[in-house]
Each structure stands twice: as structure tokens, then as C-alpha cells.
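J.: Please find one structure pasted underneath; my questions will follow.
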Amino acid sequence: MITKRLSIAIAGAAIAGLMLSACASTAAAPEEDAVKADAESPVATSVTIDGSPTFDAMTKNRTIVLGVKEDQPGFGVRDSATGDRSGFDIELATWLAAELGFAKESIEFVTIPSQSREQSLSNGDVDLIVGMYTISDKRKELVDFAGPYMTTGQSILVRKDNTSIAGESDLAGHKVCSITGSTPIQYIKTNHPDVETVEFDNMAQCVDALLSNQVDAVTTDEALLIGYVTLAPDELKVVGTPFTNEGFGIGIAKGDTALRHFVNSLLVENPDVWKAIYDKTLGTSGVELEPAAVDNY
């Protein structure tokens, strides 16, 4: 049963069914395991980025450390049994590493909690963060961002057989679930007082409630909802268009303008790579997306 599978997968941070896996390499602590690059990603040679202290440190250490998520379906998940990682962000980060000149044995993925991202970049604990990192003016005061590599916004997930909810305007009289105290649930409460809201500690619980008919819809970032559809494409669908707007960026240490411009150039010049990664991962949901317009501030 999909509901049981979702619960077990999220609890163990090992979502089954996502299509691409990064192979484990050198053994390390549970949250700091090196991961092999995609064998299809050619490694660039003779890469230089003048004026980038981050790139200089990577080159000196002969390792690139990438901060990622390990419990986000479709974007970044880690199999607790094998250590394998998979998802859109993992594939994108692996490709970026190769373009920066780092072969598979020189890549280390580190799971970074959301609340620790800025500090991790500031401390030099990670070189880049590729993990559903929403760009905001407040965060730009502490770190820099390349991208966005994907634009998203709050949207709605329903059961595949649902015909009564086609978008935000159809939520009245229905039960809608999201994470306790989150921005999405506050949006619903403020803008749709006639909607009954249900709150859980994590999104997997909301999706379980949806699949077991306890709620009628789930709301959060469209990108994350698409990730859940990849797990159960015959039972779930995203409806309507996003009703907020935000972008996911690649976190870079504050002031490393040279590295930011380099990564932005890679994103701008390689939309075909973005599309191939999307089609293999999130694209299995049936939802079509295009690369975001890069903001090279």
C-alpha cells in the first residue's frame, strides 16, 4: 500500500521508487558520506575561477563538499540501508561538481538541516548547497545564490480521482493539510477562512492522510508536491497553478561573486542538461517544467 510505503520511506529517509541513484563511495559518518558522480557526467579539466576563495579551497583539498537534503521526495533522498542518494538536486549537484572539475571520488555529499545552511556556508563546512534552498532577500544578507535553477510556488495536491478541486478557488468546504505553523497553512487560514485546515509535523503525514481520505488536499511548494507524485503517479496529482512565487537557488558563501557567476553561466548555457535531469527525476510525475530564468545579480 502506497500510504505505508510513504510513511516508512520518510521515517527512514529512504524513499523507494525514485529513478536515479548516486552510488556510495568512501565510507563516513551517517550525515557525511561521499557519493559518486553520475558516470554519464564528463569531468571538466583545467578549470580556473579567478578570485573564488571557495574554489581555491576545493582545489587545495581535492574535494568538493555539497550540502543537500536527504528526505525530500524527488529532490534529495538517502537510502538508510545503502547510503545511496537520488533525486533532482543530487543529479544537478553531481553535474555541477563535474563541470567544476571534480571526479566522482572527489565528491562528498553532506546532509545539512535547513536551520544550519547559512552557518555551514559561512564556516566553510560546505562549498555549495543544492537542496531546495529558497532565495530570499533576508537570506541574501548572509549568503549568495546562483540561480534560481527552479521556480516554484504554493500549489495543491489531490487524489488522482478527485474532480472537485481544480485549483485554489475550489478549496472552500474541503479539508486541506500542511505542516504545522508553516507559511502554506498560514496562507490558507488567512486567504480561505472557509477552508478546514489540518496540520501535521511533516509533509509525509499529510500525504498519508490524503491517500487515506482523511483530507481532501495537501498544500505546500509545488516542487515538493511533484516529488510526491513521482512516488505514486497513479494515485496523486498536482492541480491548478501556483499561487505564490519563489525560486530555489544554489547556496554559495557570501561574497564569492566569481563562483556565483561561474555557476550561473553553467545554468544559463546548459538548459538541455537541466531538462534531462528533470525528465529522469521529477518529470516522472507528468508535470512539465522549464528551467528558471537565472538572476545574475
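No lab work stands behind these numbers, since they all come straight from the coordinates. Since this is a predicted model, take the numbers as computed values, not measurements. Cβ coordinates were reconstructed from backbone atoms using ideal geometry, including for glycine residues, and neighbour counts include every protein chain displayed.
J.: Counting Lys and Arg as +1 and Asp and Glu as -1, each charge on the Cβ, what is the dipole of segment 154-239 about the Cα centre in debye, to the nearest 20?
T.: 20 debye
J.: Then there's this: Which of Tyr133, Tyr187 comes first, and how do the rest follow, when ranked by fewest Cβ neighbours within 10 Å?
T.: The order, fewest Cβ neighbours first, is Tyr187, Tyr133.
J.: Which whole-percent values make up P(r) of the chain when all C-alpha to C-alpha distances are grouped in 10 Å steps starting at zero?
T.: Per 10 Å bin, starting at 0, the Cα pair percentages come out as 6, 29, 35, 21, 8, 1, 0.
J.: Top mean-square fluctuation among Gly147, Gly247, Gly255, Gaussian network model of the chain, C-alpha springs under 10 Å?
T.: Comparing Gly147, Gly247, Gly255 in a Gaussian network model of the chain, the most mobile one is Gly255.
J.: Of Val207, His261, Met132, which is farthest towards the positive pole of segment 118-268's charge dipole, taken about the Cα centre with +1 and -1 on the beta-carbons of Lys, Arg and Asp, Glu respectively?
T.: Of the options given, the answer is His261.
J.: For a quick check, take a GNM of the chain with Cα springs below 10 Å and name the residue from Asp144, Asp216, Asp234 with the largest mean-square fluctuation.
T.: Looking only at Asp144, Asp216, Asp234, the largest GNM fluctuation is found for Asp234.
J.: Any idea what % of Cα-Cα pairs in segment 68-175 are farther than 21 Å?
T.: I get 49 percent for the Cα pairs in segment 68-175 exceeding 21 Å.
J.: If one takes the longest principal axis of the Cα atoms in the chain, at what angle in degrees, from 0 to 90 and to the nearest 10, does the Cα axis of helix 271-280 lie?
T.: 50 degrees
J.: Also: Can you give me the angle between helix 88-99 and the longest principal axis of the chain, using Cα atoms only, in degrees from 0 to 90, rounded to the nearest 10?
T.: In the chain, helix 88-99 runs at an angle near 10 degrees to the longest axis.
J.: If you average 1/r across every pair of different Cα atoms in segment 154-239 and take the reciprocal, what Kirkwood value do you get, in Å?
T.: 12.4 Å
J.: Given only helices, namely DSSP H runs of n ≥ 4 each adding -39500 (n - 2.57), what is the per-residue ellipticity at 222 nm of the chain, to the nearest 500 deg cm²/dmol?
T.: Estimated from H runs of four or more residues: -9000 deg cm²/dmol.
J.: Please list, or write none, the lysines whose alpha carbon is within less than 18 Å of the alpha carbon of Lys138, excluding same-chain residues fewer than 8 places away.
T.: Lys254
J.: Within segment 145-166, what residues put their amide N at less than 19 Å from the label point 7 Å along the Cα-to-Cβ vector of Gln186?
T.: 153-155, by backbone N distance to the label point.
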